[in-house]
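**Q** Got a structure for you, written out below as C-alpha cells; questions coming shortly.
The values are calculated or read from the model by the stated rules, or taken from the named source; none is laboratory data. Just so it is clear, the structure is predicted and the values come from calculations on it, not from any experiment. All Cβ positions, glycine included, derive from the backbone under ideal geometry; neighbour counts span all protein chains shown.
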Amino acid sequence: MTAHSPAPSSAPKPSAPAQAAPAVTPMGWMHTARFLTTAAQLHHLPAMDTPEIAFVGRSNAGKSTCINTLTQKKQLAFASKKPGRTQHINLFALGKQGVTDAVLADLPGYGYAAVAKMDKLRWQQVMANYLVSRENLTGIVMMCDPRHGLTELDDILLEVIRPRVEQGLKFLIILTKADKLTRSEQAKALSIARLQAGGGEVKLFSALKKQGVDEVAQLLWDWTHPAGAAASAAPAAEPPEEEPEALDE
C-alpha cells in the first residue's frame, strides 16, 4: 500500500501584529495647518466647537512670522512689510487632512498710526467682541516685541480678556525677536512680562534662531488636547503590592 504524505495543515497562519500609528508630535501637528476661512466681521465666522487659539498683537510685533514659523508654512499668515495690512480674522485648521481638531485665529494687528482712525476703531471693536464672546476660544497668544515691552494698547487688551482668563481661558505672551536681545536683556524682559501677564505664561521666541518654537508648539498642543496632556504628565502607576501568602494553621 502506498503511504500517503500528510495533508498540509489548513490552519491559518498567525497574522503579524498591527503596527501602531506613529505618535503625533506637537510640531508635526502644527505643520498640518491649512487655510480654513476669512471674515471681515465677527458674524461671518463659522460657529465651531473645536478649540480655537487666537493670535493677537501690535502691528509689526512679529505675529504673522511667528505663525508661519510654528507651522513651517512661509505664506500661511500674510506677513507684510507694511504694518496694519491684515484687515480680516483668518482661521487656519489643524489636524490630519479631513479632521480638524483645533483652529488658529490670526487677528489684525493693532496700533499702526497709518491706518485710518475709523478703521482702527472698527477693528478694535471687532477684536474686543471676538475675544469676549467667541464661545470656542480656548487660548490667546499675545505677541510682544521685548525691545518695546507691553504698550498701552496691550494693557487695554489685557483688561478686556482678564475676566475670561480668570475663568480659565489660557493665555501666553510671546516675546518675539528674542535674538535681538542679549542674555541679560532676555532675562530682564521675561521677568517684566511675567509680572504683567496676570497669571498667563511667557515664552521667548525667535523665528531666526528657532528659539522657543518647540516649547510654544507643545503648549498649544496641551491647551487643545487636555486629556492627552494630562495623560503624559501623569506619573506611571506603581504595580500593586503583593499580599503575603496565608500561612496554613
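**Q** Checking the conditions here, which among Ile192, Ile140 is closer than 26 Å to Met48 by Cβ, among the β-branched types (Val, Ile, Thr) and touching a residue at least 40 places away in the same chain (Cβ under 8 Å)? Can you show your working first?
**A** On the way: Ile192 fails: closer than 26 Å to Met48 by Cβ.
The match here is Ile140.
**Q** When the residues of the stretch 153-169 are narrowed to those that are without any contact (Cβ under 8 Å) to a residue 60 or more places away in the chain and of a type in the set (D, E, K, R), which ends up farthest from Arg134 (Cα to Cα)? Before the answer, list the steps.
**A** Within the stretch 153-169, the subset without any contact (Cβ under 8 Å) to a residue 60 or more places away in the chain is 155-156, 158-169.
Filter once more, keeping what is of a type in the set (D, E, K, R): 155, 159, 162, 164, 166.
Numbers: Asp155: 20, Glu159: 17, Arg162: 15, Arg164: 11, Glu166: 16 Å.
Among residues in the stretch 153-169 that are without any contact (Cβ under 8 Å) to a residue 60 or more places away in the chain and of a type in the set (D, E, K, R), the one farthest from Arg134 (Cα to Cα) is Asp155.
**Q** Moving on. I'm trying to understand the selection: among the residues of the stretch 130-159, which are among the hydrophobic types (A, V, I, L, M, F, W, C), under 18 Å from Arg58 (Cα atoms) and surrounded by fewer than 16 Cβ atoms within 10 Å (Cβ to Cβ)? If you could, list the steps in order and put the result at the bottom.
**A** The first filter runs over the stretch 130-159 and keeps only residues among the hydrophobic types (A, V, I, L, M, F, W, C), leaving 131-132, 137, 140-144, 150, 153, 156-158.
Within this subset, residues satisfying the condition of being under 18 Å from Arg58 (Cα atoms) are 131, 140-144, 150, 153, 156-158.
Selection gives Leu153, Ile156.
**Q** Further question on the same structure: Can you tell me which residue among Val132, Val141, Val99 is at pLDDT 90 or above and closer than 17 Å to Ile173 by Cβ?
**A** Details: Val132 fails: closer than 17 Å to Ile173 by Cβ; Val99 fails: closer than 17 Å to Ile173 by Cβ.
The match here is Val141.
**Q** Any idea which residue in the stretch 161-182 is nearest to Asp222 (Cα to Cα), counting only those that are of a type in the set (A, V, I, L, M) and crowded, with 19+ Cβ neighbours inside 10 Å?
**A** Taking the stretch 161-182 first, the residues of a type in the set (A, V, I, L, M) are 161, 165, 169, 172-175, 178, 181.
Keeping just the survivors that are crowded, with 19+ Cβ neighbours inside 10 Å gives 161, 172-175, 178.
Values: Ile161: 20, Leu172: 13, Ile173: 16, Ile174: 16, Leu175: 20, Ala178: 23 Å.
Within the stretch 161-182, the match that is nearest to Asp222 (Cα to Cα) is Leu172.
**Q** If we keep just the residues of the stretch 14-32 that are at pLDDT 95 or above and in a loop (DSSP other than H, G, I, E, B), which is surrounded by the fewest Cβ atoms within 10 Å (Cβ to Cβ)?
**A** His31
**Q** What residue, of Ser64, Ser9, is within 24 Å of Ile161 (Cβ to Cβ), modelled with pLDDT under 95 and not aliphatic (A, V, I, L, M)?
**A** On the way: Ser9 fails: within 24 Å of Ile161 (Cβ to Cβ).
Being within 24 Å of Ile161 (Cβ to Cβ), modelled with pLDDT under 95 and not aliphatic (A, V, I, L, M) holds for just one of Ser64, Ser9, which is Ser64.
**Q** Looking at the stretch 71-91 only, could you name the residues that are surrounded by fewer than 19 Cβ atoms within 10 Å (Cβ to Cβ), modelled with pLDDT under 75 and either in contact with a His (Cβ under 9 Å, 6 or more places away or on another chain) or under 11 Å from Thr38 (Cβ atoms) (or both)?
**A** Phe78, Gln87
**Q** What helices (runs of 4 or more DSSP H), lying completely within the stretch 161-249, carry at least 1 residues that are in contact with a Gly (Cβ under 9 Å, 6 or more places away or on another chain) and modelled with pLDDT under 95?
**A** Values: elements: 183-196, 213-224, 226-233.
Helices (runs of 4 or more DSSP H) meeting the threshold: 183-196.
**Q** Here's a follow-up. Counting only residues that are assigned to a loop (DSSP other than H, G, I, E, B), aliphatic (A, V, I, L, M) and more than 16 Å from Pro108 (Cα to Cα), how many does the stretch 33-50 have? Outline the logic, then answer.
**A** In the first step, residues of the stretch 33-50 are kept if they are assigned to a loop (DSSP other than H, G, I, E, B); the result is 33, 40-41, 45-50.
Next, from what is left, pick out any that are aliphatic (A, V, I, L, M): 33, 40, 45, 47-48.
Filter again for more than 16 Å from Pro108 (Cα to Cα), leaving 33, 47-48.
So the count comes out to 3.
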